[in-house]
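The values are calculated or read from the model by the stated rules, or taken from the named source; none is laboratory data. Bear in mind the structure is a predicted one, so any value in this text is a computation, not a measurement. Every residue, glycine among them, receives a Cβ derived from its backbone with ideal geometry; neighbour counts consider all protein chains shown. Protein only, heavy atoms only, side chains kept; ligands, DNA and RNA dropped before computing areas. Shrake-Rupley method; radii C 1.70, N 1.55, O 1.52, S 1.80 Å.
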Amino acid sequence: MNTGRQRSMSGGCQHVLGYLKRMHFENPNFYYAIRGDHDRSTSNIFWIDAASRINYNYFGDTIVFDTSYCSSDYKVPFATFTGLNHHGQPVRFGCAVMLDESEAAYIWLFQTWLHAVSGKSPVSITTEPARFVQMAVSQVLPNTRLRYCKWSMFKETQTHLGHVYESHPTFEAEFRKCVDESETIEEFESRWGTLLEQYYLMDDEWMQSVYDARRMWVPVYMRDTFFGEHCVEGNEGRNIYFDGFITADTTLQVLIQDYEKAVGCWHEKELRAEDDTSNTMPLLKTPSPMEKQAANVYTRKIFMKFQEELVETLVNPATELEESGGVTMFRVAKFGEDHRDRIVTYNSLETKASCSCQMFEFSGVICRHILAVFRAKNVLTLPSEYLLKRWTRNAKSGGSLDEHAMEEPTNSRESLTIRYDNLRQDAVKFVEEGAKSIQVYNVAMNALEEAAKKVAAVKNQGVAQGGSLANDDNPVASCLSAVSSEEKSKKIQELTTELENTNKRCEVYRANLLAVLKDMEDQKLKLSVKVHNARFSLKE
């Protein structure tokens with residue numbers, strides 16, 4: 001980073017650190033770490049909030065690490081970890097300010113981030129095509145499939161081949177078609193060769209380097225690994241979470257303000273998606289029991305993708321090729337497009353199938369080709385292995401996916417911390433669910449009051465017996481006895497503060513929901529008046 005930009009950062013770092021310290025005080029599960037010199041002027045700062053750590057347990061299979069804000073076009077070198085939730089929306093998994101962008105700095109960042117998410121490596125990661133980032137990923141996440149951001153590859157190609165884009169307006173469309181629409185490796189290779197010949201790029205060094213890296217970014221080479229991308233059309237592996245919030249004019253002094261705006265905006269979008277999924281039924285296009293099953297299981301966004309594939313089976317018939325030992329090979333192709341056929345292997349004993357397109361492996365949503373075979377074999381409902389939980393309405397249900405948190409604690413202090421984290425995680429999910437409607441809110445508040453009475457009864461029982469209850473009989477007393485009086489006071493203060501903040505958020509949610517309900521009633525009344533007037537006009 002240049003010296004002028006570095007000097008402009010020094011004052012803002014203290015502002016960011018003040019925010020992080022405050023957030024950690026309010027919620028101990030808010031984590032941050034600092035790497036840098038004594039005066040913090042060249043520090044790298046990483047943070048991840050409690051909601052992000054919970055969401056990572058459910059949606060941490062594929063992530064995007066974005067350093068595009070670290071370019072000289074931006075005032076703040078901002079790096080982000082994001083992923084996809086069950087609605088196909090971006091969800092954050094951590095952020096960093098990277099004043100030092102050396103190889104060692106990125107290794108530190110990935111190690112720190114991995115520690116913050118309990119050491120659970122993702123299946124896949126999409127990054128900018130940067131050498132230091134690639135080296136950090138290979139060292140810290142050796143078992144994670146690395147992919148370069150396709151959007152960045154297109155952008156860099158446009159920069160290096162600006163003269164070609166200018167003199168040949170059709171080049172960009174042909175280039176994208178070669179990358180995006182090639183359904184087999186052979187088809188990509190053929191189209192690439194034609195592209196180079198057509199635009200006289202046979203000896204171009206940049207195009208050669210792009211081709212050499214094809215297995216790191218061209219989709220046809222990546223389909224055996226989950227990236228979830230088919231469910232989010234048009235993002236090309238980009239992080240769009242902070243688009244429109246973090247801009248070229250964002251300074252370190254206002255970074256947190258813009259960050260919180262993005263967090264609030266995406267939280268509202270998730271609530272709306274949850275409401276849409278829970279309270280409305282999508283229009284079914286076929287009489288298939290499988291479509292009805294999917295509509296009841298998937299979130300609305302993912303169901304629409306599934307429905308698209310299911311409807312396509314009507315024009316993609318399955319033709320049986322050969323059968324041996326309960327395993328049947330099918331050829332599936334769209335009417336009139338026999339040259340674009342797919343091969344599906346179907347095991348009738350296990351009701352399992354695999355397709356050469358590998359859409360399920362890549363996106364987690366079953367393809368039209370397998371669905372066509374299921375249709376031919378009269379499979380009426382989707383087998384459970386094709387209903388990926390991370391895309392369902394109940395993606396966040398059940399216990400934490402972090403197996404380490406379920407291990408037996410080694411001491412009382414560790415036991416207290418684990419119980420605290422587990423209770424806090426369930427409480428956050430309870431608040432999110434309880435705020436979705438006024439009816440659910442009232443039920444949730446009554447349940448909280450009842451739970452508070454039961455907890456108080458257990459605590460009073462322990463006091464009445466002079467703290468003589470065994471650990472199994474009085475877990476609250478045993479946890480508190482393991483720590484000092486000062487630590488007890490601090491923990492009580494932290495819990496009290498978090499409870500107060502949660503109550504405030506609940507009141508805000510309640511007020512917002514009441515306002516929405518009132519607005520809906522007003523709109524309903526206005527619509528009724530319009531209908532009445534229209535009917536009256538027709539009678540006249």
Quiz item: Points 7 angstrom from Cα along the Cβ direction at residue 221 and residue 121: gap in nanometres?
Solution: 2.1 nm
Quiz prompt | Inter-site label distance for residue 155 and residue 439 at 7 Å from Cα along Cβ, in nm | solution = 4.6 nm
Self-check item: the stretch 105-122 - phi-based ³J(HN,Hα) in whole Hz, Karplus 6.51/-1.76/1.60, Gly and Pro as x
Solution: 5, 6, 4, 4, 4, 5, 5, 5, 4, 4, 4, 5, 9, 6, x, 8, 6, x
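How much length is gained on full extension from residue 265 to residue 340, taking 0.36 nm per residue of separation minus their Cα-Cα distance?
Between residue 265 and residue 340, full extension yields 22.8 nm more.
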Quiz item: Label 7 Å along Cα→Cβ of residue 71; the stretch 235-272 residues with amide nitrogen under 20 Å?
Solution: 235-252
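With an 8 Å Cα cut-off and a minimum separation of 6 or more residues, compute the relative contact order for the stretch 53-126 in percent.
Relative contact order comes out at 34 percent.
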Quiz prompt | Descending semi-axes in Å of the stretch 154-285, equivalent ellipsoid built from Cα gyration tensor | solution = 36, 23, 13
Quiz item: Can you give the relative contact order of the stretch 8-162 as a percent, counting alpha carbon pairs under 8 Å and 6+ residues apart?
Solution: 18 percent
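State the extension gain, in nm to one decimal, for the chain segment bounded by residue 23 and residue 251, taking 0.36 nm per residue of separation less the distance between their alpha-carbons.
Length gained between residue 23 and residue 251: 80.1 nm.
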Exercise. With an 8 Å cut-off on Cα pairs and a minimum separation of 6 or more residues, tell me the relative contact order of the stretch 271-398 in percent.
Key: 24 percent
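What is the ratio of the Cα radius of gyration of the stretch 268-396 to 2.2 N^0.38 Å, where N is its residue count, to two decimals?
Numbers: Rg = 15.4 Å, N = 129, 2.2 N^0.38 = 13.9 Å.
Normalised Cα radius of gyration, the stretch 268-396: 1.11.
With the Cα gyration tensor of the stretch 113-228 in hand, convert its eigenvalues to equivalent ellipsoid semi-axes via √(5λ) and list them largest first in whole Å. Write down the numbers at each step before the final one.
Working: eigenvalues 184, 48, 25 Å².
Its equivalent ellipsoid spans semi-axes of 30, 16, 11 Å.
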Quiz item: Of the accessible area of the stretch 242-313, with the probe set at 1.4 angstrom, what percent is carbon plus sulfur?
Solution: 55 percent
Quiz item: With each pseudo-label sitting 7 Å past Cα toward Cβ, what's the residue 114-residue 321 distance in nm, one decimal?
Solution: 4.1 nm
Quiz prompt | DSSP-assigned coil residues among trypsin sites (Lys or Arg not before Pro) in the stretch 74-139, each with at most 13 further Cβ atoms within 10 Å | solution = none
